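Asker: I have a structure here, written as structure tokens, and I will follow up with some questions on it.
The values are calculated or read from the model by the stated rules, or taken from the named source; none is laboratory data. Just so you know, these numbers come straight off a predicted model, no measurement behind them. Please note: Cβ atoms are built from the backbone with ideal geometry, for glycine as well, and neighbour counts cover all protein chains shown. Protein only, heavy atoms only, side chains kept; ligands, DNA and RNA dropped before computing areas. Shrake-Rupley method; radii C 1.70, N 1.55, O 1.52, S 1.80 Å.
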Amino acid sequence: MYSQTKIAIPIFQKKCESVVEVAKDCIDKGADVLEFRIDALENPDINEIKNTIEEINFPMIATNRISNEGGSFKGSEEERFKILYECCDLVDYVDIELQSNDNYINKIHETGVKTIVSYHDFEKTPDLNEITYIVSKEQKLGDIAKVAFMPQDLEDTLTILAVLSHCEDTIAISMGDLGSYTRVMASKFNSPITFAAGTDVTAPGQIDIETMKALLNMNLNIMDD
């Protein structure tokens with residue numbers, strides 16, 4: 001029995017040459033998908049970005065995260081969208097935030113790329129009704145909903161598991177050390193993707209890829225016995 005949940009490893013590097021090097025390491029360590037954090041690049045040039053994606057030639061999420069959701073992109077919103085749009089025919093997924101202009105989200109979705117519509121809050125976890133409302137909005141706009149929240153207590157992490165239990169095609173993460181176990185449990189709810197750390201840690205509570213794979217295999221073996 002194999003988990004259907006893919007393990008994605010984010011790559012957060014300042015230069016495209018480093019992105020290629022880190023990508024090779026992440027692939028060797030067993031990543032199913034790479035998340036190219038374009039917002040980390042010092043000088044994001046679209047031709048260089050496209051060449052990098054083609055050189056790596058591996059399943060990939062293109063992400064160009066805005067600053068108020070933990071990203072580092074310093075250009076205009078129009079520039080941010082244009083870079084993502086140019087990547088659509090080269091990657092498997094594009095992650096774009098729910099708070100982005102609906103027209104931008106729709107244009108990306110219309111290309112046929114699998115669209116992850118995401119929402120992050122690094123301070124708190126809303127109640128279940130509010131999160132499911134956010135997820136439903138994301139699912140109307142894209143293919144996969146993604147929510148990531150910071151827990152204040154264990155109950156907040158259980159709220160995230162409830163989201164995974166109730167919502168299909170959803171990535172739901174409880175961040176920080178307290179919520180790190182939800183990244184492993186995501187496979188129990190057939191979440192399409194969970195995130196682990198390779199060279200770069202891009203969110204609090206990410207588990208390294210080796211540990212993640214070991215935990216997933218351990219859980220699957222227990223279920224098979």
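Asker: Which ones in region 139-152 are open to solvent by 70 Å² or more (accessible area, probe 1.4 Å) and not in a helix (DSSP H, G or I)?
Answerer: Matches in region 139-152: GLN152 only.
Asker: Related question: Given the options ALA203, ALA162, ALA186, name the one that is closer than 20 Å to ILE134 by Cβ, open to solvent by less than 30 Å² (accessible area, probe 1.4 Å), in a helix (DSSP H, G or I) and at pLDDT below 95. Talk me through it step by step, then tell me what you get.
Answerer: On the way: ALA203 fails: in a helix (DSSP H, G or I); ALA162 fails: at pLDDT below 95.
One residue alone meets the criteria, ALA186.
Asker: Can you tell me which of GLU168, GLU210 is surrounded by fewer than 24 Cβ atoms within 10 Å (Cβ to Cβ) and either modelled with pLDDT of 95 or more or under 24 Å from THR115 (Cα atoms) (or both)? Write out each step before concluding.
Answerer: Details: GLU210 fails: either modelled with pLDDT of 95 or more or under 24 Å from THR115 (Cα atoms) (or both).
The conditions single out GLU168.
Asker: Is one or more of the residues making up region 183-203 within 29 Å of LEU41 (Cα to Cα), in contact (Cβ under 8 Å) with a residue 60 or more places away in the chain and among the aromatic types (Phe, Trp, Tyr)?
Answerer: Yes, that holds for at least one residue.
Asker: Pick from PHE36, PHE81: which is over 15 Å from the mean Cα position of the chain (by Cα) and not β-branched (Val, Ile, Thr)? Please lay out each step first, then the result.
Answerer: Details: PHE36 fails: over 15 Å from the mean Cα position of the chain (by Cα).
After applying the criteria, what remains is PHE81.
Asker: Could you please find all residues in region 103-138 being assigned to a helix (DSSP H, G or I) and within 15 Å of the chain's Cα centre (by Cα)? I'd like the intermediate steps shown before the answer.
Answerer: Filtering region 103-138 down to residues assigned to a helix (DSSP H, G or I) leaves 103-110, 128-138.
Across region 103-138, the qualifying residues are VAL135, GLU138.
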